[in-house]
Amino acid sequence: MQATLNILGAGKLARTLARLWHQQRSFALQQCYSRRYQSARQCCDFAGAGRAISTLDDFDTADVWLLATPDRAIAETAQQLAAQRLVRPGDIVFHCSGVQTAQSLQPLQSAGAHTASVHPLHSFADPAASIRSFAGSYCAAEGQAAALQRLLPAFESIDARIVTIEASAKPLYHAGSVIACNYLVALLEASLQSFAAAQIPRRMAAQMLLPIVHNTVDNALGGSPEQALTGPIARGDVDTVATQLAQLQAAAPQLLALYRTLGLQTVAIAARQNAASDTALRQLEALLKKDPPADEN
Ligand SMILES: NC(=O)c1ccc[n+]([C@@H]2O[C@H](COP(=O)([O-])OP(=O)(O)OC[C@H]3O[C@@H](n4cnc5c(N)ncnc54)[C@H](OP(=O)(O)O)[C@@H]3O)[C@@H](O)[C@H]2O)c1
């Protein structure tokens, strides 16, 4: 028989997982609660299963509970759920935070539930798109063995790839995902702003960048950063970098701090390539570190 699943917090991640699990018959979605009833209803509509409820009192018991609120609300929601005394010894309770651990669910653990966290390394920006692209995503899991034994096959049923992680390592693991995923978005926005300052329209700039960005990601992660790095810093072109700093200063000063910080990171990679001369790399480092003129900030 299918295990029953109740959901608290009906946002992007919950909608995606609920629909995928319903499609694969991994769980029978039972009830869904969210801060706003409308969100719970939208989650059930999107999943094609389950019943939206408006208060915690309306929950029935379930084998598995997913707390998919924002991270800041997980501990409080766990306390509220524990106070309902609905979660039975042996039930599974989990959340999907990248930084919090199963320990955030302590009040439910005290009630006898088995707890875990399973963080999908996937950007759930648009649940309709995530339905198509989730397969193959890695998920970092930690928690009680009894909980993982039940949850991991459910994640595998929707083609997730599981990596186990130490609870204490989660903040650094998550910082790595934030840099690669969230900061990549910010980095691309900065790049588009620089193209805009060069009078290249956003849409055209995005088209121009798409192949080279894909290519660079493939080279850096499929090979190594040292293999992937090209450009003025890798070549030791001090004058080019000086010109770019001056032009950014004049036309897009909001990008200067980012250019300098990532430039220094790039010098460190270039040093490991052994292509540019030590002198050029030292000059680049000095140039990028040089105190900006007063009006740069
Ligand atoms: N988004 C991602 O790419 C991603 C990736 C990996 C992991 N995660 C993790 O997945 C979890 C959910 O993230 P998300 O992106 O799905 O967030 P989200 O889209 O903001 O959805 C969170 C949902 O919880 C509801 N909510 C807020 N406070 C609540 C409370 N106290 N009680 C009940 N419901 C509450 C929200 O409000 P309303 O009811 O008002 O709509 C919303 O529907 C987080 O732990 C996050 O770290 C997210």
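Where a number appears in this text, it was derived from the coordinates with a stated rule and is not lab data. These figures come from a predicted structure and were not determined experimentally. Methodologically, a virtual Cβ is constructed for each residue, glycine included, from the backbone with ideal geometry; neighbour enumeration extends over all protein chains shown.
Couple of notes before you dig in:
- Contour excess over end-to-end distance, with Cα ends at Q84 and A128 and 0.36 nm allotted per residue: 12.5 nm
- Segment 169-220 versus segment 63-118: alpha-carbon centroid distance in Å: 35
- Between segment 232-283 and segment 7-48, the Cα center-to-center distance that results, in Å: 48
- 25 °C / 0.890 mPa s Stokes-Einstein diffusion coefficient of the chain, Kirkwood radius on C-alpha pairs, µm²/s: 112
- Least to most buried among V93, V241 (fewest other Cβ within 10 Å first): V241, V93
- Under 28 Å from K12, Cα to Cα: lysines that are on another chain or at least 8 residues apart: K170
- Counting only DSSP beta bridges whose two residues both lie in the chain, roughly 15 percent are antiparallel.
- With the simple spin-label model, which puts each label point 7 Å out from Cα in the Cβ direction, the A246 to A167 separation comes to 5.8 nm.
- Difference of contour (0.36 nm per residue) and Cα-Cα distance, Q265 to L188: 26.0 nm
- Taking packing as the residue-averaged number of other Cβ atoms within 10 angstrom, the listed peptides 111-120, 248-257 run from highest to lowest as 111-120, 248-257.
- Residues A175 and A196, FRET efficiency given R0 of 25 Å [Cβ-Cβ distance, rounded to 0.05]: 0.25
- Using alpha-carbon coordinates, inclination of helix 12-24 to the longest axis of the chain, degrees: 60
- Prolate/oblate/rounded call for segment 154-209, Cα gyration tensor, a/c under 1.5 rounded: oblate
- Using the Cβ-Cβ distance between L56 and V213 with R0 set to 45 Å, the FRET efficiency works out to roughly 0.50.
- Potential extension, A135-A257 segment - 0.36 nm per residue separation minus Cα distance: 40.2 nm
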